[in-house]
1. With the crude spin-label approximation of a point 7 Å out along Cα→Cβ, what separation in nm comes out for Leu258 versus Asn320?
2. What order do you get for 94-105, 64-75 when each peptide is scored by the mean count of other beta carbon atoms within 10 Å, highest first?
3. Could you list Met1, Met332 in order of exposure, starting from the residue whose Cβ has the fewest other Cβ atoms within 10 Å?
4. Name the residues whose placed amide hydrogens come within less than 5 Å of the amide hydrogen of Phe147, ignoring near sequence neighbours (fewer than 5 apart) on the same chain.
5. With a 10 Å radius around each residue's Cβ, average the other Cβ atoms per peptide and rank 286-294, 3-11, 499-507, highest first.
6. Between beta-carbons, use under 14 Å as the cut-off and find the net charge around His313, counting Lys and Arg +1, Asp and Glu -1.
7. Can you list the residues, at least 5 places off or on another chain, whose amide H is less than 5 Å from the amide H of His449, using H built in the peptide plane?
8. Can you bin region 7-155 into rounded, prolate or oblate? Criterion: square roots of the alpha carbon gyration tensor eigenvalues sorted a ≥ b ≥ c, rounded for a/c under 1.5, prolate for a/b above b/c, oblate for the rest.
Amino acid sequence: MYRTDVLIIGSGLAAFAAANALCRYQTVTMVTKEKVTLNNSVLAQGGIAAAISRDDRWMDHVYDTLLAGNSHCEPEMARILAKEGVELIKELISNGMMFDKSQNGELDFGKEGAHRTSRILHAGGDATGKALFSFLQKRVLPNIRLFEHETVQQLICNDEGCIGALSQNSQGKIRTFLASHVIIATGGTGGLYACTSNQRFSTGDGLALAYRIGAKLVDLEFVQFHPTLLRHEQKAVGLVSEAVRGEGGVLVNEHGDLIMKHIHPFEDLSPRDVVSRAVFKRMKQGEDIFLDISAIKDFNERFPTVTALCKKHGIDLQSNRIPITPGSHFLMGGILVNEYGETNIPHMYAVGEVACTGVHGANRLASNSLLECLVFGQRAGKHILAKEKRVVKNRVIPYQYQQVRKTLLSRSLIQEKMMKQVGIVRDAKGLSQLVQEFTETLQPISIEHHHIYPNEQWTTINMLTLGRLMALSALEREESRGAHFRSDFPESDANWERKRIMHISSQPINEVMT
Ligand code: SIN
C-alpha cells in the first residue's frame, strides 16, 4: 500500500503543471500506464497561444476562443485561460523557458487557424510540447514518486469521496494507492480512432474510471479532427502542424487546385472543423490531398519534427508536397469540472484534455490546449494546497481477478468503426448501429469496484464504454455545431445553443468503504 497526499493519474503537461504547484509542499505520487515521457503533450507541435505580444490583448484571445467554440464555450473559463495564460507564460520565460525568437531577437509569434493575429509561441521550431514538458519535468521529477507502466483499474471511494486507486503493472502486480486528493490527468480519446494524431494508448481510461464511480461526463460529441496528419500508405502516421499553414502552406488536390478557396474567409487558416470537413469531402470524392509547402522558406529549420517524420516515411520534401489526411486530435468534452478542476466527486480533480471546463466549446482554438494544461493544472494544484489535508486511514483494499471469456471486438475494429460512424460526418443510422453493437458487446461484462481485469482487456472495455457514450451524445444532439457534424441535421439549431449533454452512471460502482 502506498500513501501519498496527492495521487496524479497520467503524466502529460497538465499532470506536471499540477505536480509543479504541489510538490514542494505535499507528497505527490504520479502513476502512468506507459513511460512518463510518452504522452500526448510531447506530440504537440505548433505551439502555445498567449496574448503576450505588445500588439495583442488577452480579450482578443478570449474573443477568438469563443468564436472558434461556436457559441458553446463557458466565457468565464475562456477569460481565465487567456488572462492567467499571459502571466503564466511570462513567469515561465523569466524562469528560463526558451521560446523561439526571430532574427531581431524578439519572440517569434506564429499564426494558426481562427486566430486573428500572430500569437503562437513555439519552441524547437515545431517541438513546443516536448520543450515545455522537458522544462517542467526537470523541475518536478526529483520531487515526486513516479510509477511507470502502471494501469489504474479502479478508483477507490469512501463516504467522504475519492481516496485512491487500485492499479496493475505490466507484470500483473496489484498496488493500492491511498491519497488525500486524486487528480485525473489521463488525456483524451484519440486512440479510439483509426486515424489519430494522439498516442495509440489514449483510450479514454480516465473518463471511464471516473464515469464508473459517478462522475459527470459532458460534451462527448465534440471531437476535434485535425485536418493535416501525415498520410502514408493510406494511414495516418503523425501530425503535420497547423503552423505549416500559418507560415504559408496551402491545401491542394493532386492537380494543384486550392481546396480552401471560397469556403471560408480565412481560407487555409479557417477553424479546424471547417478545414477537416473540406478535406474529408474531397477525399470522399476520390481526391488525394496535399499540403503545398513551396511558399515556406527554410522548411527543414522551421519544422524539424515534421521534416524528420516525412523522412522516416520516405516522403521527399523536395517535391514541396506533403500527403495528408484528417484524424482525431482532441476531445473538447470530458469530466465536468469547475474553474479549479474539481469534479462532482469530492477530493477528485481532473485536468487537461480529460477534463471539460467548457473552455473549448464545440471546437478548440488552435494552440489553446497546452495553455489549458498549464493554467488549469496549476489552478488545481493550488486549490488542493489551500485545502486541509485529510487523514485517510490505512486499509486493505480487496480485489478479485476477472477475465472476459468471450471475444471482445478487436481494438482495430473499434477504431475503424469509430472513424466511420462517430467520425467527421455522422448520421443517426451509423450512430445507432454503433451504440447497439457496443452495448451488446459490453452487456455480459460485469464490473464491480474490486474487479481487476488483464490490462489489455481492461483497455478494450474502456474503449467500448467511451465509444458508446460518445456515440450516444452524438445521436442525441440533432444539429451540427463546431466539430460535431450530422449529415441528417446539417445546420446549427439555436435551441441547442449552450445545452450540454451529460452522462452520469445510473449504477455507480463505488461501493463506499467506511
Ligand atoms: C498543431 O500543431 O497543429 C496542433 C496544435 C494544437 O492542437 O493546437
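1. So the label points at Leu258 and Asn320 sit 1.4 nm apart.
2. Working: 94-105: 11.0, 64-75: 21.6.
The densest-packed peptide leads the list: 64-75, 94-105.
3. Values: Met1 11, Met332 28.
Fewest-to-most Cβ neighbours within 10 Å comes out as Met1, Met332.
4. Met30, Val31, Thr32
5. On the way: 286-294: 17.6, 3-11: 25.8, 499-507: 13.9.
Going by the mean number of other Cβ atoms within 10 Å, highest first, we get 3-11, 286-294, 499-507.
6. Details: positive: Arg231, Lys235, Lys311, Lys312, Arg321; negative: Glu233, Asp316.
Local charge sum for His313: +3.
7. It is Glu511, by chain and number.
8. Values: a/c = 2.00, a/b = 1.54, b/c = 1.30.
Prolate.
Values in this text are rule-based calculations from the coordinates and carry no lab data. All values reported here derive from a predicted model rather than from experimental measurement. Every residue, glycine as well, gets a Cβ built from its backbone with ideal geometry; the counts of neighbours run over all protein chains shown.
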